[in-house]
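Trainee: Dumping the structure here so I can ask a few things about it.
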Amino acid sequence: MSALLRSLRDGRGFDGALALLALAYLFVFSAFPLIYNIALSFQEVDMFSLGDLIRPFVGLANYRTLMAAPEFWSVMGNTALFVGLCIVFQLGIGFGLALFFQQDFIGASYLRGLFLAAWIIPALVAGAIWKWIFAGDFGVLNYMLMSLGIVDERIFWLSTPAISLYSVVIANIWLGIPFNMILLSVGLAGIPKDMYEAAALDGAGAWGRFWHMTLPMMRSTLGAVVSLGIIFTLQQFDLFASLTQGGPANSSNVAQYWSWQLSFQNYDIATGSAVSVLMLGFVIVVAFLYVRSTREEHQA
Amino acid sequence: MKRYVLLVIALCFLAIYLFPLYWMYLTAFKPSSETFTYPPRFWPSDPQFNFAKVFVEKKMDTYLWNSLLVATGTTALAAFFGTGCAYALARVRSVWMDVVLFLILMMQVLPPSLMATPIFVLFNQVGLITTPRFAVILAQTAKVLPLYIVLCRTSFMQIPKELEEAARVDGASRVTAFFRIIVPLARNGILVTSVLIFLQSFGEYVYSRSLISQENLQTATVGLMNFMGPNTTDWNGIMTYAVIYVTPIVLVFMLLQRKIVSGLTAGALK
């Protein structure tokens, strides 16, 4: 016993104890709810059995209800579209800005950092601002588009079913650009400068250098940024809550918002947890691939 | 010459990008009659200062106090549970520590809106829901703890091992060396990470909305949502609320910008 105590206080046990402290917390408040969630999705849960320890087991019934729900496939489609569009544009615009700020001029790194001001504000506040910008009658976006002659009449960004999802996409791209840009800047800074000089001497043009040197050298960074992008995009909840609440008629609903709606607005906790299990499974697979790829990178 | 042209272009990009923030401040200062003029004005002709009025009418003192409480509690818990783990992960290289790091990284990615369902049912069963702000702190800590550990770990890795070994030769125990030598040396990294965690938790929404039912215990984000309502037109008021809420966050960020950016980038890609 005293040997154990001594090891804890003064030996290898000290590191282990410190690591276990945090791990224990995460187990109780993250891993256990995760497992509990899977159990919930196989049970019948309503407001009356909420406090019970043992609830009736219903097998796959919750999943069957879920698949049979008329909005299921459209919500899943929206989720895929939301993630895909956000990633493509965040990455494209972020990469462009990162390349631009890579050039040598006064205040480049300071100005680049200022972009993060948008990232640091609560997403819900960003949603409020965008809701006002998107407003149909007096919104500034419609005014700008109309005075530039891009559109002829007002667009009702948030209340038109065919457009509402794209409005949330626009707001989320805006939120995601700075993070993408900063991570890609770090990757760009890691490419040795003399390589470019050598290529320029050999007569490679700007486009050739980008295509044959920058892109291949950035492969691992791009992989990391895309995986992180998927993870963060699937965490987006506040923008949906403040902009469209999934509406009108689920036209802008995505899985992570739908799951919450089912549980906390329809009190259909069993189905909500079934959606949650499906999405968490997906996120964990993406995270697994991401973490494994960065680990390998590290050892190499 | 080329460098000045680039600077001007950079400023243009920044101006376009930060326009929504400008629009928020502008709307907050406009009189309500001017908010609904068409075409909209891009400069306030008659700036208003409705901050005190909105602050009192929307009970922002209660909301902001609750947000402050949640953010402070979360940061304290994350620092308590995370600092030691970050140190251990930076110092020891073994298969076990790799497993620990892997598990922590996996816990980082769980979307809070999906975790809200099981956490609500679980907290309901063990009675934590009767102390809702504490429940939010516990849930939010689980969300941010991995990030705290990953970011702090990089600053622990920069401390030379020899410093600790020297202290050990002089007779300090591991515990003493940790608190007297290591933590003071890493305090900059710990502070910046804590500020980042604090700012994130200050804007927390999902758990506050899901776990807190009494209005006087709710956070500033939920207050803003209530204010927005389904058919609101009081955009001056909403933007004034937003300005009051966001300005301290933006100020802290501007002061620590360089350190936050370098801390973030070091942690995220390693």
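Read the figures in this text as sums done on the coordinates, not as results from a lab. What you see is a predicted model, and the numbers here were worked out from it, not measured in a lab. Here the Cβ positions follow ideal geometry from the backbone for every residue, glycine too, while neighbour counts run over all protein chains shown.
Trainee: Where the only charges are on Cβ atoms (+1 Lys, Arg; -1 Asp, Glu), what is the dipole of region B:47-152 about its Cα centre, to the nearest 20 debye?
Mentor: Around 100 debye, computed over region B:47-152.
Trainee: Just want the answer: with Cβ charges of +1 for Lys and Arg and -1 for Asp and Glu, which residue in B:Pro31, B:Met239, B:Leu110 is farthest toward the dipole's positive end in the protein assembly as shown?
Mentor: Of the candidates, B:Leu110 comes out farthest on the positive side.
Trainee: Counting alpha carbon pairs within less than 8 Å and at least 6 residues apart, what relative contact order, in whole percent, applies to chain A?
Mentor: 27 percent
Trainee: Going by C-beta contacts inside 10 Å, put A:Leu215, A:Leu21 in order with the fewest on the left.
Mentor: The fewest-first ordering by Cβ neighbours comes to A:Leu215, A:Leu21.
Trainee: Work from the charge dipole of the protein assembly as shown (Cβ charges, +1 for Lys and Arg, -1 for Asp and Glu, about the Cα centre) and give the residue of B:Thr193, B:Gln48, B:Thr219 farthest towards its positive end.
Mentor: The residue sitting most towards the positive pole is B:Thr193.
Trainee: Decide, for region A:27-73, between rounded, prolate and oblate: order the square roots of the alpha carbon gyration tensor eigenvalues as a ≥ b ≥ c, take rounded if a/c falls under 1.5, and otherwise choose prolate if a/b is larger than b/c, else oblate.
Mentor: Oblate is the answer for region A:27-73, as a/c is 1.5 or above yet b/c matches or exceeds a/b.
Trainee: Sum up the lysine pairs in chain B that clear both bars: alpha-carbon distance under 21 Å and a spacing of 8 or more or different chains.
Mentor: 5
Trainee: On to the next question. Quick query: amide H of A:Gln43 versus all other amide H atoms, modeled in the peptide plane; which residues come in under 5 Å with a sequence gap of 5 or more or a different chain?
Mentor: A:Val58
Trainee: While we're looking at this one, here's another question. List B:Cys12, A:Cys86, B:Cys152 from most exposed to least, where exposure is judged by having the fewest other Cβ atoms within 10 Å.
Mentor: B:Cys12, A:Cys86, B:Cys152
Trainee: Right, another one. How large is the helix-only mean residue ellipticity at 222 nm for chain B, computed as the sum of -39500 (n - 2.57) over DSSP H runs with n ≥ 4, divided by its residue count, in deg cm²/dmol to the nearest 500?
Mentor: -24500 deg cm²/dmol
Trainee: If contacts are Cα pairs under 8 angstrom and at least 6 residues apart, what is the relative contact order of chain B in percent?
Mentor: Reported as a whole number, the value is 32 percent.
Trainee: Could you work out [θ]222 nm for chain A from helices alone, using -39500 (n - 2.57) per DSSP H run of at least four and dividing by all its residues? Round to the nearest 500 deg cm²/dmol.
Mentor: The per-residue figure over chain A is -21500 deg cm²/dmol.
Trainee: Considering only C-alpha atoms, what is the centroid distance from region B:87-157 to region A:133-156, in Å?
Mentor: 43 Å
Trainee: Now for a different question. Between beta-carbons, use under 11 Å as the cut-off and find the net charge around A:Asp104, counting Lys and Arg +1, Asp and Glu -1.
Mentor: +3
Trainee: Between B:Met1 and B:Arg180, what FRET efficiency follows from the Cβ-Cβ distance if R0 is 60 Å, with the result rounded to 0.05?
Mentor: Once the sixth-power term is evaluated, E becomes 0.65.
Trainee: Here is a follow-up. Rounded to whole Å, give me the distance from the Cα center of region B:196-270 to that of region A:36-109.
Mentor: Measuring centre to centre over Cα atoms gives 21 Å.
Trainee: Where the only charges are on Cβ atoms (+1 Lys, Arg; -1 Asp, Glu), what is the dipole of chain B about its Cα centre, to the nearest 20 debye?
Mentor: So the dipole magnitude of chain B works out to roughly 660 debye.
Trainee: So how strong a dipole does region B:111-270 carry about its Cα centre when Lys and Arg Cβ are +1 and Asp and Glu Cβ are -1, to the nearest 20 debye?
Mentor: 380 debye
Trainee: What is the sum of charges, Lys and Arg at +1 and Asp and Glu at -1, for the other residues whose Cβ falls under 14 Å from the Cβ of A:Met47?
Mentor: -3
Trainee: Something else about it: Around B:Phe227, what is the net charge, scoring Lys/Arg as +1 and Asp/Glu as -1 over all other residues with Cβ under 9 Å from its Cβ?
Mentor: Counting the neighbours of B:Phe227, the net charge comes to 0.
Trainee: Also, quick follow-up: Could you line up B:Leu163, A:Leu26 from fewest to most neighbouring Cβ atoms inside 10 Å?
Mentor: B:Leu163, A:Leu26
Trainee: Which is farthest toward the positive dipole end of region A:60-299 among A:Val186, A:Ile269, A:Gly94, measuring Cα position about the Cα centre, with Cβ charges +1 (Lys, Arg) and -1 (Asp, Glu)?
Mentor: Of the listed residues, the answer is A:Ile269.
Trainee: Summarise the partner chain shielding of A:47-57 as one whole number: the mean count of Cβ atoms from other chains within 10 Å of each residue's Cβ.
Mentor: If you average over the peptide's residues, the count of other-chain Cβ atoms is 1.
Trainee: Something else: For chain B, set up a Gaussian network in which alpha carbons nearer than 10 Å are linked by springs, and say which option among B:Ile137, B:Ile190, B:Ile260 fluctuates the most.
Mentor: B:Ile260
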